[in-house]
Amino acid sequence: MNSGTRAQLSIEAYLLENGTLTYTNKGTSMMPLLREGKDLFTVRRKGDERCKVGDVVLYRRPPDQYVLHRVVRVLDGEYVILGDNCTGLEHGITDDDIIGVMTGFTRSGREYSVSSVGYRLYTFMMTHAIRLRIFMRKALGWIMRRK
């Protein structure tokens, strides 16, 4: 999800005032979990708690961009983040950068919670097969360019 500075301030203000936000994503970085323009996701405002591996977080990327990606590693004072459809790990994301944590998503009118068994299994695969997932994504890209 990407948006400009004006929207960034209103999204943060909305979360501060209401506690939760339901929105649609832009881009394909969270495929196959979230389809661009088709699915909705809901985030709750992040409190003082630390995020954990597997959490999908809404965070600010300087200068004025919002990103919704998954925490794949928790380090002392920072997180390593990766979109489900990405190959580049992003280091150095801090609690101050994260404004929301996903609580669920809606696909074709049906709501799914992050606490459901199916979602937890998907999250386990996304966070425990990172090297294989990145390798497969890069290999597929290489094969497609060779055609």
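The values are calculated or read from the model by the stated rules, or taken from the named source; none is laboratory data. This is a predicted model, so every value here is computed, not measured. Here the Cβ is made from the backbone with ideal geometry for all residues, glycine too, and neighbour counts use every protein chain on show.
Values computed for the structure shown
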{"read-out": "Residue match in the stretch 24-31 (condition: within 16 Å of Thr106 (Cβ to Cβ), polar (S, T, N, Q) and free of Cβ contacts under 8 Å to residues at least 40 places away in the same chain)", "value": "yes"}
{"read-out": "Residue tally, condition over 12 Å from the mean Cα position of the chain (by Cα), at pLDDT 95 or above and over 15 Å from Thr123 (Cα atoms), over the stretch 50-73", "value": "1"}
{"read-out": "Test result for Arg35, crowded, with 16+ Cβ neighbours inside 10 Å and more than 10 Å from the chain's Cα centre (by Cα)", "value": "no"}
{"read-out": "Conditions (1) surrounded by 14 or more Cβ atoms within 10 Å (Cβ to Cβ); (2) under 21 Å from Ser115 (Cα atoms); (3) among the acidic types (Asp, Glu); number of the one not met by Asp48", "value": "(1)"}
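This table checks each residue for (1) surrounded by 11 or more Cβ atoms within 10 Å (Cβ to Cβ); (2) farther than 17 Å from Val56 by Cβ; (3) of a type in the set (Asp, Glu).
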position	(1), (2), (3)
Phe105	yes, no, no
Ser108	no, yes, no
Glu111	yes, no, yes
Leu121	no, no, no
Ile130	yes, no, no
Lys138	yes, yes, no
Gly141	yes, yes, no
Lys147	no, yes, no
